[in-house]
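What follows is calculated from the coordinates using simple rules that are stated; it is not laboratory data. The structure presented is a predicted model; accordingly, all values stated were derived computationally and were not measured. Methodologically, a virtual Cβ is constructed for each residue, glycine included, from the backbone with ideal geometry; neighbour enumeration extends over all protein chains shown.
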Amino acid sequence: MPHDYDILIIGAGPAGCAAAYDLARAGRRVLLIDKRTFPRPKACACGLTRKTLAALRYSVAPIIERQCHEIVLQQTSPDPKQREVRIRNRTPIAAMAVRERFDNFCLQQTLAAGAELKKIETILALREHETHIELDIQTANGPETLTAPILIGADGSNGQTRRMAPPRDSHGEALSPSAQDGFALEATIPYTSLPTILPAGDNPTDPKTDHINIGVGAFAPTPNPGGPSSATVSSSPKVGSQEARLKRVTRDLLAAYTLHKLGVDLTHLPNTVTGQHLGMGGHLYVPQGRILLTGDAAGLVDPLTGEGIHSAIVSGQAAAAAILETLPPTAPGSLSPIPYPLSPAVIYARNLRPLQQTLAFSHRAAQAFYKDPARGFRIMRTPILRSLVLKTYADGLPHTKLLTRLAKLVA
């Protein structure tokens, strides 16, 4: 049966565009599908680490707001000298951008490479067959059915693809979103709304052109019934209840943090807050079948730092590489690819392994750090360990090399 496209990609964010760009450049017929009209707002401070900029196939210099040479870590401590760790670097640690502009810029590069984009109202059904995928969508002009040999899910941790085809582990068990996800809220504070002197005595300098991003995140569930004061949500048999409580905690945290750091009452700026689910637990994801999940949809957010853009780009490219390796060119005079014995899911799992190894390490590190943040701050005050952590965050030190160096440091 002739197919409409070689690859369908649900979600036109960083993961979807990363996959579509490589596939389109290779001459494949790619359709990006999204509910939103770009440019669209997105809750994200959009710090692009060096490893993220290196992974991109094109320069994003036109939309960079500034280069960041310093990171400040703060904790609650009775000793003022122990409250803050400043990490400075001669080389920029990350480039700052506005997420709305970054995503739109990447989409425009992808469309210029030959990918197509279709705006939809919703996904009606997703059917996986032995030889292809069928996708029923609702558009402004009515329902439509699309077919392709492969589908890439890149519509985020709360997207329809993850709900219809949830990520599974090596035993074939679905990774529970309620056990793996978090939630983040971000406020965009106009520079004109800031006081002349911030509560801590700082001058409100270096914003993103005309605003400052401030945000908080929380994870759920957790075995520690610490309640809202510990920024956690205890386990509950009702997933909906967990999510509602998580969002309530996060809203309270954001309001208190914004007032503490910036002296701004968010009740006076009601339209500045946006939310974002965080897909985690992706180090356990095992690709299967003809639906390949990428980015947040696969749970590939770093649980230690909350960084998701790098994983989105790398996983999108890994999925594209697997498809190009296993899905041969379209037969002459036909819209159907020539049959091929290799499985894209098997190759994608291989391509994804280095990223998942790093995320597995981050998972263990996050459990230790957030259980005892004071210990993490002690590590960050040790120059050689601080340098290693910064190198890993900015450049993505390979997993095996990271473990070897850590073993030498603690020996």
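Brief remarks follow.
- A368 paired with R248, simple spin-label distance in nm, labels 7 Å along Cα-to-beta-carbon: 3.5
- Calculated FRET value between L73 and M164, using beta carbons and R₀ = 45 Å, to 0.05: 0.70
- Fully extended contour minus Cα-Cα distance, from A174 to H129, at 0.36 nm per residue: 14.3 nm
- Whether segment 124-166 is rounded, prolate or oblate, judged on the alpha carbon gyration tensor where a/c under 1.5 counts as rounded: oblate
- The aspartates and glutamates within cross-link reach of K208, meaning a Cα-to-Cα straight distance under 17 Å and a gap of 8 or more places when in the same chain, are E65, E70, E100, D103, E186.
- Per-peptide average of other Cβ atoms within 10 Å, ordering 211-218, 71-78 highest first: 211-218, 71-78
- Segment T382-R90, extension gain: residue separation times 0.36 nm, minus the distance between their alpha carbons: 103.3 nm
- Ranked by the mean number of other Cβ atoms within 10 Å of their residues, highest first, the peptides 47-57, 289-299, 114-124 come out as 289-299, 47-57, 114-124.
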